[in-house]
Each structure stands twice: as structure tokens, then as C-alpha cells.
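Notes follow once the structure below has been shown.
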Amino acid sequence: MPNPMRHTHALVLFSGGQDSTTCLAHALSRFERVETVGFDYGQRHRVELDARQAVLRELRAAFPAWAARLGEDHVLDLAVLGAVSETSLTRDMAFRMEANGLPNTFVPGRNLLFLTLAAALAYRRGLTVLVAGVCETDFSGYPDCRDDTMKAMQLALSLGMDQRFLVDTPLMWIDKADTWRLARELGGEALVALIVEHTHTCYQGDREHRHAWGWGCGQCPACQLRERGWQAYREGTPRGTALPRHP
């Protein structure tokens, strides 16, 4: 009988961005079987859904050992989330800070819904680990990225589905520069180059402008954070030195 306390099969919440790709590499280096799930919620940067497929294709080609562990990819339609969200990620509006201190890139309930549906999918697929690229270091103050939120979700999902889930957050306490370093530790310069070339982070969905750190407008909060992390990584900023949060 398999040991229920030993987690060997994982589902990665995979957007096709830098963070989730690094998390995918982390999962592939750690778990016996790994599947991926993405979400189409009417995001302005919908090009990330295309980037997902490019990253998966390139990972399989460049890392045969990981390819043997990489299973099915799933995309869930969450149009309802875009319909109820009045944010700059789901509407054509400028990025700004709101009166509550959160940026208008915050999509209320997004990560909570993502994890709930991912857990439902994982339940059906026989996967007990949910891997998410959330963190408390380089983020926008999103409350659904906090460690306390992840622990609460792990408990709620495990109780509500009578299934012992583990919510794995490998980026929780590291900054963007360390995320680049983690990618290099996991897959060498080949993985770093893959992330630069094929992942998508830009909130504007820009795939026309190429920078040293990848594709993007270079102006939106996501691009600025990724660029600062890349510069600190290349300059050798000491590990654990948090970069400024984007405005």
C-alpha cells in the first residue's frame, strides 16, 4: 500500500511565467510524477497561455530526465473570475494603487479559487501536492500570496476533500534575484536561458520587445520587478537581499 504521508505526485499551478516555470523545475526535480494546470480568466496578458505551451515543449526537449516525469497539462476556463473582477489585469485600465493600499493588479479571490479548483483536479488525478509560485518577499502585498493564506488553504482543502494535500511554495521566502539563482541551481544556464526566452511575465502581454531578462513592455510592474531581479542576479547581490516592491 502506498504511504499516504509520502507525497510523490504533484500538480503545478503553471501560468507560463518566470515564477511558475521555476516552480515546475523544482517539482520535476523532486516528485515522481508532475502535471500542470493553467487558468484562462480573461486576463489582459492572455499571451501567457501560449507561453505555457512553449515552455512545456522546450522543457521536454532540453531536459529528457524531467520529460519522463512530466505528465498531462490542463487548462481551466475561469471566465467568471474576469467577469466579477474590476482590475487592471482583467480590464483595460492603467496600473495604479487603490485606497486600500493594494495595487489594482490584485484580482480578489484569484489564488483562492485557483487552489480550490487545482485541488479538485488533483483529487481526481491522484495528486497530493499543489505547487504554487507565491511569495511574501517580492510581491505587491497581495493577501492571497501570504504564507498564512497558503497554510489556511492547505488545511481547508485537506479537511474539505478528506484528502491530505500539501501546498508547496518554494519561492515563499526568496526574492526575484534568488528565483533566478534557484533556476540556475535546478537546471543550469540552460534553464535560465529557457526562462528568459520563453516565459511571459508582462501584464501588457508584450511579446515585441526583447530585453536581457526576456520579453515585455519594460514599464509595467511585472516587467520592472523581473528586470530588477535579473540585474541583482547578474550583479551578484547577496542571497536573501529583498528588492524593492513595485509601486
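Summary table
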| quantity | calculated |
| --- | --- |
| Gain in span if fully extended, Arg164 to Ala65, counting 0.36 nm per residue against the direct Cα distance | 32.8 nm |
| Kirkwood Rh (inverse of mean 1/r, distinct Cα pairs), the range 9-235, angstrom | 17.6 Å |
| Spacing of the two label points (7 Å from each Cα toward its C-beta) at Ala212 and Ala54, in nm | 2.1 nm |
| Sequence ranges 207-220, 12-25, 110-123, ranked by mean other-Cβ count within 10 angstrom, highest first | 12-25, 110-123, 207-220 |
| Restricting the range 26-61 to GluC sites (Glu not before Pro) in coil, as DSSP defines it, with at most 15 other Cβ within 10 Å | Glu32 |
| Efficiency of FRET from Cβ geometry, Ala193 and Arg125, R₀ 30 Å, rounded to 0.05 | 0.45 |
| Debye-sum result for the range 115-212 in log10 I(q)/I(0), which assumes one identical scatterer on each alpha carbon, at q = 0.22 Å⁻¹ | -1.13 |
| Amide N proximity, the range 15-36 versus Thr8 label position 7 Å along Cα-to-Cβ, cut-off under 14 Å | 30-34 |
| Relative contact order (percent, whole number), the range 9-235, Cα cutoff 8 Å, 6+ residue spacing | 23 percent |
| Amide H contacts under 5 Å for Val12, placed H, 5+ residues apart | Glu35, Thr36, Val37, Val131 |
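Here, each number is a calculation from the coordinates, and none is a lab measurement. Since the structure is predicted, the reported quantities are computational estimates derived from the model, not experimental observations. A quick note on method: Cβ atoms are made from the backbone with ideal geometry, for glycine too, and the neighbour counts reach across all protein chains shown.
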